[in-house]
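Every number here is computed from the coordinates shown, using simple stated rules; none is lab data. Not measured: the values here are computed from a predicted model. No Cβ is skipped: glycine too gets one built from the backbone with ideal geometry, and neighbour counts run over all protein chains shown.
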Amino acid sequence: MSDSASARPPVSVVVPFGGGDAEALRSALERFDVAPGDELIVADNTSVGAAAVLEEVALVVPAAAERSSYHARNAGAAASTGEWLLFVDADCAPAAGLLSAYLAEPIPPGTGAVAGEILGEPGQRSLAARYARDRKVLSQTDGLYGRGRVIAATGNLMVRRAAFAELGGFAEGIRSAGDVDFCLRLREAGWRLDFRPQAIVTHRHRDSVPGLLRTFARYGAGSRWLRERHDGVVRWPLTPREVARSLADAGRLTVSGQREQAAFRLIDAAGLVAHNVGWRSSNAARRL
């Protein structure tokens with residue numbers, strides 16, 4: 001172990017697990033560059049203890065009060081001891097040296113959280129995954145989350161324990177937008193959000209277009225919840241004019257032979273519709 005690794009503050013990696021590919025998560029957990037004092041924690045957000053198979057590689061804690069990744073993250077954080085909490089999603093895998101990339105340089109005392117980058121898994125070849133990579137759906141630098149540098153996704157977010165405790169963790173009882181809400185409250189409390197784009201995870205996007213659209217609908221529900229909780233942060237749902245523009249672009253791209261980009265514009269249009277449908281639905285988490 002290097003002197004820099006032994007000198008850095010301890011990190012607790014917290015991963016919410018709602019079921020799915022446990023072996024892929026095991027492989028991802030084994031890739032973290034942990035040092036003595038670090039922890040790997042999986043918060044089991046299932047009613048059947050599906051994460052028990054991961055006990056050989058991580059501390060598994062129950063989080064079965066509600067179907068919510070934010071509830072699970074809070075449960076994982078409550079069981080942790082590290083000075084820093086690194087939240088990573090179960091469908092993400094760390095690039096080599098992720099923890100070292102976060103902590104290569106000292107983090108200023110006023111920084112409450114640090115966001116790394118989230119890139120699409122390059123090996124996914126489905127239309128939905130190619131679309132998500134092209135649109136940089138979760139990117140913390142070039143995509144939606146990178147705009148304005150005031151919010152970050154919990155797919156790759158390291159939070160100072162003192163800041164997390166001050167804010168009371170993530171909002172619970174919700175399906176979506178808890179990460180945005182947390183970052184807004186972090187700023188309101190006087191903490192900084194910094195970015196270290198060299199701290200990279202890769203994300204396995206949805207492989208089907210219907211699955212992707214369900215995600216956009218969930219984002220829509222979260223957007224309405226955010227608007228009610230943080231006045232003025234989120235604008236009203238997207239308009240029919242934007243859908244029409246996407247469809248017109250798809251037609252022009254098809255005529256010019258750019259079929260993939262045409263398909264992407266069709267998904268843009270469908271995504272706008274899904275977002276609006278989600279806006280009109282509940283963001284409440286269901287009980288497990």
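Taking only Cα atoms, what is the 0 to 90° angle, nearest 10, from helix 240-255's long axis to the longest principal axis of the chain? With rounding to tens, the tilt is 80 degrees. The residues Arg245, Arg73, when put in order of fewest to most other Cβ atoms within 10 Å, stand as Arg245, Arg73.
Largest GNM mean-square fluctuation among Pro62, Pro94, Pro108, using the chain with Cα springs under 10 Å: Pro108. Of all DSSP-defined beta bridges confined to region 50-195, some 65% are antiparallel rather than parallel.
Calculate the length of the line joining the C-alpha centroid of region 115-175 to that of region 257-288, in whole Å. About 18 Å separates the Cα centre of region 115-175 from the one of region 257-288.
Projecting the Cα positions of Asn156, Ala78, Ala132 onto the charge dipole of region 3-207 (unit charges on Cβ atoms of Lys, Arg, Asp and Glu, taken about the Cα centre) puts Ala132 furthest along the positive direction. Against the empirical curve 2.2 N^0.38 Å, the C-alpha radius of gyration of region 3-207 lands at a ratio of 0.95.
Restricting to the chain, what percent of DSSP beta bridges are antiparallel, rounded to 5?
Here the antiparallel bridges make up roughly 35 percent for the chain.
Put in order of Cβ neighbour count within 10 Å, fewest first, the listed residues Asp44, Asp38 become Asp38, Asp44. Taking the 0 to 90 degree range and rounding to the nearest ten, how far is the long axis of helix 178-188 tilted relative to the main principal axis of the chain, both from C-alpha atoms? Approximately 70 degrees, to the nearest ten.
Within region 98-203, the trypsin sites (Lys or Arg not before Pro) that combine a DSSP coil assignment with at most 15 other C-beta atoms in a 10 angstrom radius are Arg125, Arg147, Arg149. Helix 259-279 axis versus longest C-alpha principal axis of the chain: approximately 70°, rounded to the nearest ten.
Using a simple charge model, +1 on the beta-carbon of Lys and Arg, -1 on the beta-carbon of Asp and Glu, nothing else, what dipole does region 3-207 show about its Cα centre, in debye to the nearest 20? Walk me through the intermediate numbers first.
Details: 21 positive and 26 negative charges, 154 e Å.
For region 3-207, the charge dipole is close to 740 debye.
A Cβ-based charge dipole, computed about the Cα centre of region 152-233 with Lys and Arg at +1 and Asp and Glu at -1, lands at about 200 debye.
Let me have the relative contact order for region 3-207, percent, based on Cα pairs under 8 Å that are six or more residues apart. All intermediate terms of the calculation are to be shown ahead of the outcome.
On the way: 441 pairs, mean separation 52.0, N = 205.
Averaging sequence separation for qualifying contacts and normalising by length gives 25 percent for region 3-207.
Mean-square fluctuations from a GNM of the chain, with a 10 angstrom spring cutoff on Cα atoms, peak among Val57, Val159, Val14 at Val57. Of Thr202, Thr46, Thr254, the residue with the greatest mean-square motion in the GNM of the chain, using alpha carbon springs below 10 Å, is Thr254.
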